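As structure tokens, the structure follows; a few thoughts come after it.
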Amino acid sequence: MNVKHEMSDALVQELVIEIAKDDYIAEVEKELKKHRKTAQVPGFRVGNAPMPMIKRLYEKHLISDEVNKLTSNTLYNYFEENKIDTIFEPMVIDEKSTIDFENSDHFVFTFEFAIRPTFELDLASLPVVKTYQVLADQKQIDEYVSQIRKRQGEYSNPDSIGDDDYVTLHANDQTFNFFSNDLSDAGKAIFVGKSLNEKIENVSLKEAFANEMILKKALRLTDETYNVDDTYTYNVEIGSIGRVGMAEINDEFFAKAFPDGSVTNMEQLEAYAASQITAQWKQETDRKFMNDAITTIIDHTKMDLPEAFIKRYILKHANEPITDEKLEEEYPKYLNSFKWQLIENRIAETENLQVSMEDVEAYIRNFYYQSYFKNFNQEDVADRLNELVKEQLKDQKQVKALYDQLFDEKMMQVLDQKMNIERASGDIQGFIEYISGQKMETEEKPKKTKKAVKSEEPTEETEKPKAKKTTKKKENE
């Protein structure tokens, strides 16, 4: 075997691997003998087929496998032994290679590979990045408190429809359900105040609901079955009325709503409501911050990348065929994505960002507790929570998504601590104005992972998320 390293330039280099018959024939013959012992060839007992016949059947395929394995191991051993740090997968240069398994026993593989660029990264020296915290106003706090009171309130069946009741209608052998607060003004005029079992003729449900989305949900229509020209007019009968009253705010209410004793008075309840409203908007404010931070880092971090190599790589590895014109149009997005992967990997290594299985389990457990068992003491539902965590961990894809999410959160914490941050706060309208007042993004940035825990069934092992290395492992490692 002969290996030759050719440096075409500082960023893109070539490695030529020549493999002769003596390099692989011993392993091929060993495999042929194994195949002969188990091969089922018509006319011969298992293990007695002539070796020439076994060679005709299997030798070319075995040579191909062995040569490719030998080439891959040689390539990555060379990188490791010579401390060559690469990005992207090495690519075979067809015009400089000789690979003919049908007619030759001597092979030449010429690979081109890209050297990982060096670059300076000082987050503290970058321009200021703004971040925004949404604060709840009193109206939002009152509405949130009302929702909590309703969750603890008693269910009843009033005789007539109010402004916030759950209504069942019967119409032409069909049953529709809706909340009265989803009605339009015209709909409220029709239904609010009507009595149980009362019949109403010629009701246009399209006009009765506030919008098409609510109409589709109430009538169980899909985009395919919905007819935009239909008024959905029916003779209807009010089949049932359900109402959840608000619980009185007293010691019993606090004990039921917050069994852990964390909230015991109105001041604490309003503070809790305000914190939950802020938390509900945190995903949006965090996304905005991360997009701005990543944009700033990419735009102010200089690095030399082998752009001609990258374009060849994209053309070769695209999931769908891509034209040169389309590549030129989309290339800035690809380039920004590659730059961020390199930067993200540097930050992860420098800050030792890691996500453990314990982190994932804790996240799943807290998610289920907050979503479904908050009215219970955590110790009382520990066994059930452990079962849900165990079930969720069976889904490898789900756990990988959680690793990515938790990694992104840790990355955001680092950027928030290391970069120059200008902090602002205000109500929701202020946040909307804050976003709309900024220049629109013109280039797509690396996307951040959304929350990943499913509403039911949340693996045993998966790699922690990080900027992906672009060289494959050696075979048989």
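Just need a number here: residues in segment 1-51 that are touching a Leu at 6+ places or on another chain (Cβ under 8 Å), part of a loop (DSSP other than H, G, I, E, B) and within 30 Å of residue 304 (Cβ to Cβ).
Residues flagged as touching a Leu at 6+ places or on another chain (Cβ under 8 Å), part of a loop (DSSP other than H, G, I, E, B) and within 30 Å of residue 304 (Cβ to Cβ) within segment 1-51 amount to 1.
For residue 85, are the conditions met, namely being within 29 Å of residue 7 (Cβ to Cβ) and touching a strand residue (DSSP E or B) at 6+ places or on another chain (Cβ under 8 Å)?
yes
Take residue 184 and decide whether it is over 30 Å from residue 426 (Cβ atoms), touching a strand residue (DSSP E or B) at 6+ places or on another chain (Cβ under 9 Å) and surrounded by 15 or more Cβ atoms within 10 Å (Cβ to Cβ).
Yes, satisfied.
When only residues in segment 243-269 that are in a loop (DSSP other than H, G, I, E, B) and touching a Ser or Thr at 6+ places or on another chain (Cβ under 7 Å) count, which is surrounded by the fewest Cβ atoms within 10 Å (Cβ to Cβ)?
The extreme case among them is 245.
Can you tell me which condition residue 72 does not meet? The list is (1) within 33 Å of the chain's Cα centre (by Cα); (2) in a helix (DSSP H, G or I); (3) surrounded by fewer than 13 Cβ atoms within 10 Å (Cβ to Cβ), and all the others hold.
Going through (1) within 33 Å of the chain's Cα centre (by Cα); (2) in a helix (DSSP H, G or I); (3) surrounded by fewer than 13 Cβ atoms within 10 Å (Cβ to Cβ) one by one, residue 72 breaks only (3).
Quick grid of which residues meet (1) within 25 Å of the chain's Cα centre (by Cα); (2) over 30 Å from residue 191 (Cβ atoms); (3) of a type in the set (Val, Ile, Thr):
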position: 243; (1), (2), (3): no, no, no
position: 261; (1), (2), (3): no, yes, no
position: 279; (1), (2), (3): yes, yes, no
position: 296; (1), (2), (3): yes, yes, yes
position: 323; (1), (2), (3): no, yes, yes
position: 337; (1), (2), (3): yes, yes, no
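Quick check on segment 158-174. Is at least one of its residues more than 21 Å from residue 196 (Cβ to Cβ), of a type in the set (Ser, Thr, Tyr) and not assigned by TED's automatic domain parsing to the domain that holds residue 287?
No, every residue in segment 158-174 fails to be more than 21 Å from residue 196 (Cβ to Cβ), of a type in the set (Ser, Thr, Tyr) and not assigned by TED's automatic domain parsing to the domain that holds residue 287.
Could you pull out the residue among 333, 311, 316 that is over 28 Å from residue 406 (Cα atoms) and exposed (fewer than 15 other Cβ atoms within 10 Å of the Cβ)?
Unique residue meeting the criteria: 316.
From the set of residues in segment 124-138 that are in a loop (DSSP other than H, G, I, E, B) and not β-branched (Val, Ile, Thr), which is surrounded by the fewest Cβ atoms within 10 Å (Cβ to Cβ)?
So, considering only residues that are in a loop (DSSP other than H, G, I, E, B) and not β-branched (Val, Ile, Thr), the one surrounded by the fewest Cβ atoms within 10 Å (Cβ to Cβ) is 127.
Filter segment 220-254 for residues that are farther than 25 Å from residue 162 by Cβ, hydrophobic (A, V, I, L, M, F, W, C) and not assigned by TED's automatic domain parsing to the domain that holds residue 176 and give the result.
Residue satisfying the conditions is 254 alone.
Looking at the structure I just gave you, is residue 190 modelled with pLDDT of 95 or more, crowded, with 17+ Cβ neighbours inside 10 Å and among the hydrophobic types (A, V, I, L, M, F, W, C)?
The answer is yes for residue 190.
One residue is enough: does segment 370-387 have a residue meeting the conditions at pLDDT below 90 and within 22 Å of the chain's Cα centre (by Cα)?
Yes, segment 370-387 has at least one match.
So that you can scan it fast, the table gives a plain yes or no per residue for (1) more than 30 Å from residue 293 (Cβ to Cβ); (2) surrounded by 13 or more Cβ atoms within 10 Å (Cβ to Cβ):
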{"site": "122", "(1), (2)": "no, no"}
{"site": "152", "(1), (2)": "yes, yes"}
{"site": "160", "(1), (2)": "yes, yes"}
{"site": "166", "(1), (2)": "yes, yes"}
{"site": "169", "(1), (2)": "yes, yes"}
{"site": "227", "(1), (2)": "yes, no"}
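Specify which of the listed residues (110, 118) is in a strand (DSSP E or B) and over 22 Å from residue 318 (Cβ atoms).
110
Out of curiosity, is residue 277 more than 25 Å from residue 414 (Cα to Cα) and at pLDDT below 95?
no
Can you pull out the residues in segment 160-212 that are part of a loop (DSSP other than H, G, I, E, B) and either small (Gly, Ala, Ser) or over 40 Å from the mean Cα position of the chain (by Cα) (or both)?
Within segment 160-212, 161, 162, 172, 173, 184, 192, 193, 194, 196, 197, 198, 210 qualify.
Taking residue 393, is it modelled with pLDDT of 80 or more, touching a Phe, Trp or Tyr at 6+ places or on another chain (Cβ under 9 Å) and buried (at least 18 other Cβ atoms within 10 Å of the Cβ)?
no
The values are calculated or read from the model by the stated rules, or taken from the named source; none is laboratory data. Predicted, not measured: the structure shown is a model, and the values here were computed from it. Note that each Cβ is placed from the backbone with ideal geometry, even for glycine, and that neighbours are counted across all protein chains shown.
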